[in-house]
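This report concerns only the one structure given below.
Every number here is computed from the coordinates shown, using simple stated rules; none is lab data. Because the structure is predicted, anything quoted here is derived from the model rather than measured. With ideal geometry, Cβ positions are generated from the backbone for all residues, glycine too; neighbour counts draw on all protein chains shown.
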């Protein structure tokens, strides 16, 4: 039972905002063991067996459907088997406006399949560390308090394990009924993500520079 609970935990997000010089004011807790995105892409075929090894058939089917969708759209992506089986996509592929509002080509969007909290079916989750930060926790908390409330996605704060700063994270989750996502559902997921990310970034532009 304990092992099942551990497997249902959301994967820990990696530091994806490439700003170690700016965020170097606090002592890092440990080295980031993440695989660089270009390596994930270049070694996708090599990493695929590890990515799919040991997961149930419903998870396999869901991930395979997502892979086909990403390939159909021509989006670059990588498979990360070391951090909770993450599909890693450049954020600008999903929401090009990221680059207009403080983002960079290094910003990543993470996609993963989790067990539904009800224990029935699966949940397709999308997360991104937003390109907004401050060494003042009060600024980060205020940004969260005054952020828009969306019908699908949500924002939350989480301490980054690499440098102890607070990250403002966007998360979008869709239940999968039936368990394998359809093309229509995936189109909707990414359309919602683009809209809500764009609106969030526009709102964050109103905050003082961090």
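Taking each residue as 0.36 nm, the span from residue 44 to residue 150 lengthens on full extension beyond its C-alpha to C-alpha distance by 34.8 nm.
Both radii were evaluated on the Cα set of region 64-210; the Rg over Rh quotient, with Rh as the Kirkwood radius, amounts to 0.96. With the simple spin-label model, which puts each label point 7 Å out from Cα in the Cβ direction, the residue 184 to residue 67 separation comes to 2.6 nm.
At full extension, residue 83 and residue 104 could sit 5.3 nm farther apart than now, given 0.36 nm per residue minus the alpha carbon distance.
Taking 0.36 nm per residue of sequence separation and subtracting the Cα-Cα distance, how much length would be gained by fully extending the chain between residue 138 and residue 58, in nm to one decimal?
Details: separation 80, 0.36 × 80 = 28.80 nm, distance 4.20 nm.
Here the answer is 24.6 nm.
Sequence-distant contacts, meaning Cα pairs under 8 Å at least 6 residues apart, place the relative contact order of region 61-102 at 23 percent. With no solvent and one point on each alpha carbon, what is the Debye value of log10 I(q)/I(0) for region 117-178 at q = 0.18, 0.26 Å⁻¹? Cα-only, vacuum Debye calculation for region 117-178: -0.71, -1.08.
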